[in-house]
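The structure appears right after this line, and notes come after that.
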Amino acid sequence: MYTKRLLLAFAFALAIFSAQAQQQLDRFEYGVRIGFTAGSLYNGDQDVRGVYGLRSGLSIGGLAKLRLSRWFALQPELLYSQQGAVDQGFADVSRIGTQPSQIVRNQYFLVPLLVKLYPARKFNIQVGPQLGILLSSTIDGNDSRDEFTPTDFSLAFGVEYEFNQGLLLGMRFSSSLADIDENGTISSLSGNPQLLGNGYFLFSTGWRF
């Protein structure tokens, strides 16, 4: 009798586990994202915030989402992103080989890990850390990769709406958490350099499967 009860209990537990596992699989989605970026470089010094103008670019990549509950999901992404700024004057022009009012073109491979909170069924608020890997950098056509750190650690946060047909519409802002100025050349604009980082908006659309 004890063995039968144990087998029944085991079978019941196995059925529950299988059902939960199937629900987890049903909550998994993947998709693609493409968007428009608008961003710049910023410096902690109040006197140099106007030195860098906005630069627009493209962002494209893929995403995967695991819906853990009605209110909560995790979403890692892999994105190619064009960033940078319009420079209006560096302190050490001779070292970088550029002149005022040139374009800083930085290209990153981004890996955000987003926590998505759902106050409404289709609307979510997202926040999470993001790793950026510098692919290339030029200033006025000159290679400037050595002027920037090879990685950029940042915080991303934004909002998104998920339509029933799979369409995604979202807006996100990302800001660096660490200095990306490798040699102190880019941020030494006023004699009192502080953290130099990326700050940009991503306006995107996507499709989930």
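The values are calculated or read from the model by the stated rules, or taken from the named source; none is laboratory data. Everything numeric in this text was worked out from a predicted model, so none of it was measured. With ideal geometry, Cβ positions are generated from the backbone for all residues, glycine too; neighbour counts draw on all protein chains shown.
Consider F148 carefully, then state whether it is aromatic (F, W, Y) and either touching a residue at least 60 places away in the same chain (Cβ under 8 Å) or farther than 24 Å from E29 by Cβ (or both). So F148 passes the test. Scanning the range 129-145 for residues that are more than 11 Å from V104 (Cα to Cα), surrounded by 19 or more Cβ atoms within 10 Å (Cβ to Cβ) and free of Cβ contacts under 8 Å to residues at least 60 places away in the same chain gives a single hit, Q130.
Of all the residues in the range 143-178, those that are out of contact with any Leu (no Cβ under 9 Å at 6 or more places or on another chain) and assigned to a strand (DSSP E or B) number 4. Is it true that V111 is in contact with a strand residue (DSSP E or B) (Cβ under 7 Å, 6 or more places away or on another chain), in a strand (DSSP E or B) and at pLDDT below 95? No. Output the residues belonging to the range 37-47 that are at pLDDT below 75 and surrounded by 22 or more Cβ atoms within 10 Å (Cβ to Cβ). Listed by number, the list holds a single entry, N43.
Scanning the range 62-80 turns up no residue that is modelled with pLDDT under 55 and either in a strand (DSSP E or B) or over 15 Å from S174 (Cα atoms) (or both). Looking only at residues of the range 155-186 that are small (G, A, S) and modelled with pLDDT of 95 or more, we find that the one that is farthest from L63 (Cα to Cα) is S174.
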